[in-house]
Amino acid sequence: QNHQPGVESQMNPRPFFDDPEYRGAGKLKDKVTLITGGDSGIGRAVAVAFAKEGADVVIAYRDEEADAVETVQHVERYGRRAQHLAFDVSNKAECDRVVRQAIAQFGKVDILVNNAARQHPQPSILDITPEQLQMTFATNVFGYFYMIQAALPHMKPGACIINTASITAYRGHETLIDYAATKGAIVSLTRSLALSLAKQGIRVNAVAPGPVWTPLIPASFAADEVAKFGTDTPMGRAGQPAELAPAYVFLASANSSYMTGQVLHVNGGEIVNG
Ligand code: NAD
């Protein structure tokens with residue numbers, strides 16, 4: 001899944017999780033994972049990386065069934081079980097239903113990856129309609145809350161939650177003001193929930209991606225912005241989804257057993273504060 005137009009392979013090294021020969025080290029053996037937005041982009045890369053490490057994967061998604069089916073096939077290629085479930089993360093009843101279906105099939109949820117999100121650039125804050133504001137927060141913030149509220153009663157000590165945040169929570173973004181605000185909320189949610197669940201042995205962390213080539217990018221930005229996407233990072237390029245996946249594997253595995261409430265920045269070298 002390389003969404004970057006015209007990039008030379010030497011500028012774009014293949015991360016080991018992307019290597020079909022790489023079989024993982026069983027770091028997530030028999031863990032049941034629920035990934036929202038697991039059909040495409042970063043979520044798909046995480047689904048495949050988790051399968052390579054021995055996890056079963058439930059892919060909860062919205063739009064393209066074909067993408068979800070393809071992701072399921074990737075997971076099954078590594079001998080793991082997968083299920084795809086269409087839903088709207090901004091609807092609490094549908095989040096409850098997805099968790100119920102996951103439990104019915106797999107009996108537990110060990111890892112919840114909250115990753116589904118939307119963005120809709122606007123030239124000015126004055127162009128953000130109440131409907132857009134409502135939709136962005138309902139998807140990117142309420143959806144994370146709904147999924148956590150649905151899954152948590154089924155999670156046992158040792159389980160974990162990983163939230164996809166964004167560099168925009170730290171750096172801001174002049175045309176994605178509502179989106180960046182939702183990602184700031186996700187950083188705060190991660191910290192507070194980590195405190196509240198620490199003694200129950202449930203860890204909560206976040207990944208803050210910088211620019212990553214996914215279908216979200218050409219769908220959101222004009223061609224001239226797409227052409228220079230990621231070139232202002234210290235590494236001078238956007239990342240590939242498979243370059244994000246190792247951060248999620250780390251946060252989901254026992255390798256990060258003493259980490260909670262933290263944000264891992266995977267962004268081509270941007271130094272961010274906070
Ligand atoms: P993507 O478009 O490939 O994936 C997003 C997925 O979210 C979609 O495939 C869809 O299934 C799901 N989704 C959207 N609205 C939904 C809804 N209402 N109900 C259920 N599912 C819904 O994009 P991506 O870039 O892989 O994004 C994944 C995450 O990474 C998002 O949280 C995004 O904000 C974050 N992120 C992306 C970048 C980037 O540059 N691509 C940078 C920072 C953060």
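General remarks:
- Residues located in the range 40-72, provided they are without any contact (Cβ under 8 Å) to a residue 60 or more places away in the chain and of a type in the set (S, T, Y): Y61, T71
- Comparison of A185, A169, A208, A180 shows that the only residue that is part of a strand (DSSP E or B), small (G, A, S) and farther than 30 Å from A104 by Cβ is A208.
- Qualifying residue in the range 202-211 (condition: more than 16 Å from the ligand (Cβ to nearest atom), surrounded by fewer than 18 Cβ atoms within 10 Å (Cβ to Cβ) and either closer than 16 Å to A49 by Cβ or in contact (Cβ under 8 Å) with a residue 12 or more places away in the chain (or both)): no
- The condition (being within 15 Å of the ligand (Cβ to nearest atom), surrounded by fewer than 18 Cβ atoms within 10 Å (Cβ to Cβ) and modelled with pLDDT of 95 or more) is satisfied by just one residue among A86, A45: A86.
- Residue within the range 229-244 that is touching a strand residue (DSSP E or B) at 6+ places or on another chain (Cβ under 8 Å) and away from the ligand (no atom under 16 Å from the Cβ) present: no
- The set of residues in the range 185-203 that are closer than 22 Å to V46 by Cβ and either modelled with pLDDT under 95 or not polar (S, T, N, Q) (or both) comprises A185, I186, V187, L189, R191, L193, A194, L197, I202, R203.
- Residues of the range 248-262 satisfying the condition of being away from the ligand (no atom under 12 Å from the Cβ), touching a residue at least 40 places away in the same chain (Cβ under 8 Å) and under 16 Å from I42 (Cβ atoms): V249, L251, A252
- Within the range 219-273, the set of residues being on the phi > 0 side of the Ramachandran plot and under 20 Å from the mean Cα position of the chain (by Cα) comprises G230, G261, G268, G269.
- Residue match in the range 190-202 (condition: assigned to a helix (DSSP H, G or I), over 20 Å from A252 (Cβ atoms) and of a type in the set (V, I, T)): no
- Given (1) at pLDDT 95 or above; (2) surrounded by fewer than 24 Cβ atoms within 10 Å (Cβ to Cβ), number of the condition A25 does not satisfy: (1)
- Pairs with Cβ under 6 Å, 6+ apart, first in the range 82-110 and farther than 17 Å from I161 by Cα, second more than 10 Å from the ligand (Cβ to nearest atom) and assigned to a helix (DSSP H, G or I): A82/V72; A82/V75; A82/E76; Q83/Q105; H84/V72; L85/Q101; K92/Y146
- Qualifying residues in the range 92-144 (those that are more than 21 Å from the chain's Cα centre (by Cα) and part of a loop (DSSP other than H, G, I, E, B)) - the one farthest from the ligand (Cβ to nearest atom): G107
The values are calculated or read from the model by the stated rules, or taken from the named source; none is laboratory data. None of the values given here were measured: they were computed from a predicted structure. Don't worry about glycine lacking a Cβ; one is built from the backbone with ideal geometry, like all the others, and counts go over all protein chains shown.
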